[in-house]
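Scroll down for the structure; my scribbles are underneath it.
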């Protein structure tokens with residue numbers, strides 16, 4: 001007898017196989033809740049797929065998945081001989097815990113969350129992808145550590161913050177954690193940075209001092225995304241399609257991510 | 001259908017482990033399947049048999065066991081088995097059932113870790129429950145030469 005294997009090794013083997021068919025994994029995180037991670041992750045994924053990149057979007061927020069709401073996607077899922085089919089929006093494939101649990105709360109603890117995320121990744125038929133965008137939940141607990149561990153061989157972390165000092169102080173902790181776990185940074189997105197009103201810019205959350213913020217967080221700001229109140233009215237995809245300040249900022253950000 | 005993809009993952013894992021240990025031949029593959037997943041044991045064994053080919057795996061003896069699920073409530077300490085859970089699972093919304101070519105399956109068939117979303121204590125109703133065993137597929141023994 002040479003080995004007694006455990007469930008983790010069997011799942012990690014399956015995830016490793018999936019990753020062989022994925023070019024680049026972009027983790028979108030913050031540590032802080034309410035800074036717009038899911039919106040940024042969705043916007044990047046939609047824009048990458050519209051630019052012709054084969055793109056997947058994985059929502060690993062176990063307790064409060066919001067990607068399906070942004071994209072207007074809902075259960076049921078379909079399973080084929082190749083695995084669970086991600087929900088399609090054009091050429092973008094999306095997978096979320098919400099497609100399994102629906103409106104039921106998911107009160108699971110500790111290591112079971114990591115196990116759940118690993119299985120979700122392993123069972124999904126992503127096919128060949130240029131990019132997999134992963135929406136991380138708030139905090140630096142099981143889900144985030146699991147993502148760092150699963151994707152460490154080919155991921156970058158895109159940090160999302162707002163001009164608020166409270167947000168940037170938590171984001172700086174996330175930045176430190178990424179450094180310790182040797183996760184490379186793709187940069188910082190300053191979300192809700194301003195509102196455009198004609199030619200005038202308004203700063204509803206205060207004007208960010210970029211130098212101070214970059215110093216506080218410990219990474220470079222690569223994009224400033226305006227606050228557009230229509231996003232919370234459910235017009236997210238419509239706004240993204242049009243030529244406006246928000247859509248341009250997202251395209252600019254996506255271009256920078258795809259350059260690497 | 002999910003049985004085939006799990007069987008493929010098990011075989012991949014066995015091959016990887018055998019390679020790591022410089023094995024020439026796998027003699028025994030013992031797998032336990034968690035009761036909560038409600039996998040079709042016959043279909044799973046058949047899938048493993050189909051995938052068990054080549055000089056490394058062709059002669060391997062397959063042993064597949066069902067691991068019973070055992071639930072307990074963290075709040076009131078009540079314990080219960082799969083029979084009581086099955087009644088609760090009949091109440092899962094139809095819109096959440098996952099579609100396959102030959103029917104539908106419960107979400108727990110694919111992600112058994114989600115059990116607290118669908119299972120609750122039969123006495124106090126709490127979702128803060130513990131599943132001791134029976135929620136995963138595990139390779140429990142691998143014998144090679």
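Read-outs throughout are calculated quantities, based only on the coordinates presented, and are distinct from any laboratory measurement. Everything numeric in this text was worked out from a predicted model, so none of it was measured. With ideal geometry, Cβ positions are generated from the backbone for all residues, glycine too; neighbour counts draw on all protein chains shown.
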Q) For the protein assembly as shown, what number results from the quotient of the Cα radius of gyration and 2.2 N^0.38 Å? A) 1.06
Q.
I need the peptides B:110-120, B:56-66 ranked by packing, meaning the mean over residues of other C-beta atoms within 10 angstrom, with the highest value on top.
A. B:110-120, B:56-66
Q: Using only Cα atoms, find the angle between the long axis of helix B:41-51 and the longest principal axis of chain B, and express it within 0 to 90 degrees, rounded to the nearest 10.
A: 30
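Kindly give the semi-axes, whole Å and largest first, of the ellipsoid equivalent to the stretch A:1-160, taking each as the square root of 5 times a Cα gyration tensor eigenvalue. Don't skip to the answer; put the middle values down first.
Details: eigenvalues 100, 69, 54 Å².
Result for the stretch A:1-160: semi-axes of 22, 19, 16 Å.
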Q) At a Förster radius of 35 Å, what calculated FRET efficiency corresponds to the Cβ-Cβ distance of residue B:16 and residue A:109, to the nearest 0.05? A) 0.70
Q.
Over chain B, with a Gaussian network built from C-alpha contacts below 10 Å, which listed residue (B:68, B:20, B:41) shows the highest mean-square fluctuation?
A. B:20
Q. Averaged over A:74-82, how many beta carbons belonging to a partner chain fall within 10 Å of each residue's beta carbon?
A. 6
Q: Calculate the translational D of the stretch A:23-259 in whole µm² s⁻¹ from Stokes-Einstein, where the hydrodynamic radius comes from the Kirkwood formula applied to all Cα pairs, the temperature is 4 °C and the viscosity 1.567 mPa s.
A: 72
Q. Counting only other chains, what is the mean number of Cβ atoms within 10 angstrom of the Cβ of each residue in peptide B:10-16?
A. 4
Q) Please state the relative contact order of the stretch B:2-144 as a whole percent: Cα pairs under 8 Å, 6+ residues apart? A) 36
**Q.** the stretch A:1-117 - percent relative contact order, Cα under 8 Å, separation 6 or more
**A.** 22
Q: Please work out the ratio of the alpha-carbon Rg of chain B to 2.2 N^0.38 Å and round it to two decimals.
A: 1.20
(Q) From Cα pairs below 8 angstrom and at least 6 apart in sequence, can you work out the relative contact order of the stretch A:23-259, rounded to a whole percent? (A) 24
Q. By how many degrees, between 0 and 90 and to the nearest 10, does the Cα long axis of helix A:245-259 differ from the longest principal axis of chain A?
A. 50
(Q) What number does the stretch A:27-87 give for Rg over Rh if you use C-alpha atoms and the Kirkwood radius? (A) 0.99
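Please compute the average number of Cβ atoms from other chains found within 10 Å of each residue's Cβ in peptide A:97-109. Walk me through the numbers on the way to the answer.
On the way: counts 5, 0, 3, 11, 7, 7, 4, 9, 3, 8, 7, 8, 4.
That average works out to 6.
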Q: Assuming R0 = 22 Å, can you tell me the calculated FRET efficiency for the pair residue B:28 and residue A:16, based on Cβ-Cβ distance, to the nearest 0.05?
A: 0.35
